[in-house]
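In what follows, a structure is listed as structure tokens, so that the remarks can point back to it.
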Amino acid sequence: MTPQRPFWQRLGLSEMTQTQWESLCDGCARCCLIKLEDEDSGEIAYTRVACHLLDQDACRCTRYPKRHELVPDCVHLGPEQAEAFRWLPTTCAYRILAEGGDLPEWHPLVSGDPQSVHRAGISIRGRALSEAHVHPDGLDEHVIRWVSF
């Protein structure tokens, strides 16, 4: 009997349950970094400045269920926006799957270990600072260029 392929290889993003969808998040917290958009080119630049709701050690939102109320700019990710996932990091499972790829070996769904994303150097753990410590006019001083895998 052939083992069944994992759900992310069998289902399209819009076919996944909410639980499956949420499990695609690898816990890197890169989407919780403040981003700057060039008004002319539309290019997105990531900063090393994280949302004040982020627990930077756990790389998880401390107020996840209420995040959109508390941070109006917090982006809602759903399969209906898959066409616009190009702003997400190239390491993001949502973007990878939307572009027809497969999850990398360090992804917790593949490795079976939620710490693998941190060991692989994908997460923001130890590399970010809270927006509470940065003046909004100084965000451009914190633009980063992390190597993607």
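Residue count for the range 72-98, restricted to those that are closer than 16 Å to Met16 by Cβ and charged (D, E, K, R): 2.
From the list Val117, Val110, the lone residue that is within 28 Å of Leu11 (Cα to Cα), part of a helix (DSSP H, G or I) and within 14 Å of the chain's Cα centre (by Cα) is Val117. Scanning for something aromatic (Phe, Trp, Tyr), modelled with pLDDT under 95 and surrounded by fewer than 12 Cβ atoms within 10 Å (Cβ to Cβ), does the range 80-91 turn up at least one residue? Looking for residues that are aromatic (Phe, Trp, Tyr), modelled with pLDDT under 95 and surrounded by fewer than 12 Cβ atoms within 10 Å (Cβ to Cβ), one finds none in the range 80-91, hence no.
Summed over the range 29-44, residues that are more than 13 Å from the chain's Cα centre (by Cα) and either surrounded by 18 or more Cβ atoms within 10 Å (Cβ to Cβ) or over 18 Å from Thr90 (Cα atoms) (or both) total 4.
If you go through the range 120-149, how many residues are in a loop (DSSP other than H, G, I, E, B) and within 18 Å of the chain's Cα centre (by Cα)?
15
Restricting Arg119, Arg127 to residues that are of a type in the set (Lys, Arg) and free of Cβ contacts under 8 Å to residues at least 40 places away in the same chain narrows the list to Arg119. Answer yes if at least one residue in the range 45-54 is of a type in the set (A, V, I, L, M, F, W, C), more than 13 Å from the chain's Cα centre (by Cα), loosely packed, with under 15 Cβ neighbours inside 10 Å and in a loop (DSSP other than H, G, I, E, B), and no otherwise. No, because not a single residue in the range 45-54 is of a type in the set (A, V, I, L, M, F, W, C), more than 13 Å from the chain's Cα centre (by Cα), loosely packed, with under 15 Cβ neighbours inside 10 Å and in a loop (DSSP other than H, G, I, E, B). Quick check: is even one residue across the range 11-33 within 30 Å of Asp137 (Cα to Cα) and in contact with an Asp or Glu (Cβ under 8 Å, 6 or more places away or on another chain)? No; the residues of the range 11-33 include none that is within 30 Å of Asp137 (Cα to Cα) and in contact with an Asp or Glu (Cβ under 8 Å, 6 or more places away or on another chain).
Screening the candidates Asp102, Asp26, Asp57 for the property of being under 15 Å from Arg125 (Cα atoms), surrounded by 11 or more Cβ atoms within 10 Å (Cβ to Cβ) and of a type in the set (Asp, Glu) yields one hit, Asp26.
The values are calculated or read from the model by the stated rules, or taken from the named source; none is laboratory data. Just so it is clear, the structure is predicted and the values come from calculations on it, not from any experiment. Heads up, the Cβs are rebuilt from the backbone with ideal geometry, glycines too, and the neighbour counts pull from every protein chain shown.
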